[in-house]
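The values are calculated or read from the model by the stated rules, or taken from the named source; none is laboratory data. Bear in mind that the values here come from a model prediction, so they are computed numbers and not experimental data. In this analysis, Cβ positions are derived from the backbone assuming ideal geometry, glycine residues included, and neighbour counts consider all displayed protein chains. In case anyone asks, the SASA skips ligands and DNA or RNA and just uses the protein heavy atoms, side chains included. Shrake-Rupley method; radii C 1.70, N 1.55, O 1.52, S 1.80 Å.
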Amino acid sequence: MLKRIAATLLLLATTVQAQNAVSTGPTLTTVRARGQLACGISTGDPAWSQPDSRGEWQGMDADFCRAVAAAVLGDGRRVAWHPLTGQNRFPTLSTGQIDLLSRTTTVTYLRDVTNGLNFAAPNFYDGQGFLVRADSGVARAAQLDGASICFTSASTHELNLQDWSRAANIRFTPVVFADKDEARRAFEAGRCDSFTGDAAQLAAIRAAFPNPESFTLLPDRISKEPYAAAVRHGDDQWFDIVKWVAYALIEAEELGVTQANVDEMLNSPRPAIRRLLGQTGDLGPALGMDRRWIYNAIKAVGNYGEIYDRHLGANSPVRLPRGLNALWNQGGMMFSPPMR
């Protein structure tokens, strides 16, 4: 009798797991029916999301949109791009106009708990810095006392500036703009003494100037700025999909799986690689995805290190060292929880 009860309970548990594995939540259903991922990006941010000469969106954030589209739809090109400002990015997501926000967005307590959002795994660590003209004589942020400083509204930058200036007893004149491109043009035109923002963004903006050597990124950082993609509350399956795509790209780098060798790696004997690429295990079906979902993401954009090098690192005009964004076993903070 006890054996029959145990067998019945095991069968029920297995049935529930199977049902849960194939159930499809509202966002995944909508994206598949539409045949496109509606992805929120910036209105133009070098190295993060900006159209190239052919009108194709390029950058770290744009490639994450492609990775999710490839994982969900099998094709990284199936993205509907939604350029958003700092002011409208959260309402656009919370009202369902986009499926995913991938827009240099810092995770903060209030953003997380008051906007009806869930932030996925951090995919970049930065800090707020200052860009100045090389001939200004300014070498450290403390020398900006009395300066006019350009920045964008509806960002973390204004509050960070206020906290920093009070703590350091520094006065400044704020010059506020709706988006980074406006702020960049104003700074370039001499309307302010400094342009403040996240340091990696400033480095990318500097590299895009006609004469980058005419500008200096100061060494000071006045904040913590962990970036992550965001989704709406209320759909745990979609949250898990986006979160684990981010982790999987990092895991792929650690395991040496690249855009170029991913087909060859299908034959790898290493258990971790075989699980990642869907050759064994049920990572995909456990989320209502097919077994090749991560293979498709890597095939579309490469692993995390490749994305970084393409837009910010050695293969880009920015040439920004990895720093905190290196893998955990190379002195950085990037790692994936075990994918098993």
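Side notes on the structure shown:
- Counting every pair of alpha carbons in the stretch 220-340, the share spaced more than 16 Å apart comes to 64 percent.
- Whole-percent P(r), the stretch 120-235, all Cα pairs, 5 Å bins from 0: 2, 11, 22, 25, 19, 10, 5, 3, 1, 1, 0.
- If the segment from LEU266 to ALA167 were pulled out straight at 0.36 nm per residue, it would be longer than the present Cα-Cα gap by 30.2 nm.
- Simple Cβ-charge dipole of the stretch 154-262, Lys/Arg +1 and Asp/Glu -1, about Cα centre, in debye nearest 20: 460
- Probing with 1.4 Å while keeping every protein chain in the model, the per residue accessible area of the chain equals 46 Å².
- Dipole size of the stretch 289-340 about its Cα centre, with +1 on Lys/Arg Cβ and -1 on Asp/Glu Cβ: approximately 100 debye, rounded to the nearest 20.
- Protection proxy ranking of 199-205, 156-162 - average other beta-carbon atoms within 10 Å, highest first: 199-205, 156-162
- 10 °C / 1.306 mPa s Stokes-Einstein diffusion coefficient of the stretch 68-165, Kirkwood radius on C-alpha pairs, µm²/s: 96
- Gained length - PHE209 relative to ASP236, 0.36 nm times residue gap less alpha-carbon distance: 5.5 nm
- Highest-first packing order for the peptide set 228-241, 271-284 is 228-241, 271-284, based on the mean count of other beta carbon atoms within 10 Å.
- Highest GNM mean-square fluctuation among CYS192, CYS150, CYS65, for the chain modelled with Cα contacts below 10 Å: CYS192.
- Taking only protein heavy atoms and a 1.4 Å probe, the accessible area of the stretch 258-340 is 54% carbon and sulfur.
- Residues MET333 and ALA139, FRET efficiency given R0 of 30 Å [Cβ-Cβ distance, rounded to 0.05]: 0.60
- Compactness check for the stretch 198-282: Cα Rg over 2.2 N^0.38 Å is 1.62.
- Carbon and sulfur %, accessible surface of the stretch 66-204 computed with the full protein complex present, 1.4 Å: 47
- Translational D in µm²/s for the stretch 111-150 (Stokes-Einstein at 4 °C, 1.567 mPa s, Kirkwood Rh from C-alpha pairs): 94
- Base-10 log of normalised Debye intensity for the stretch 129-192 (one unit scatterer per alpha-carbon) at q = 0.17, 0.24, 0.28 Å⁻¹: -0.57, -1.13, -1.39
- Whole-angstrom gap from the stretch 102-161 to the stretch 32-70, using each part's C-alpha centre: 22
- Rg and Dmax [Cα atoms of the chain; Å; Rg one decimal, Dmax integer]: 22.0, 87
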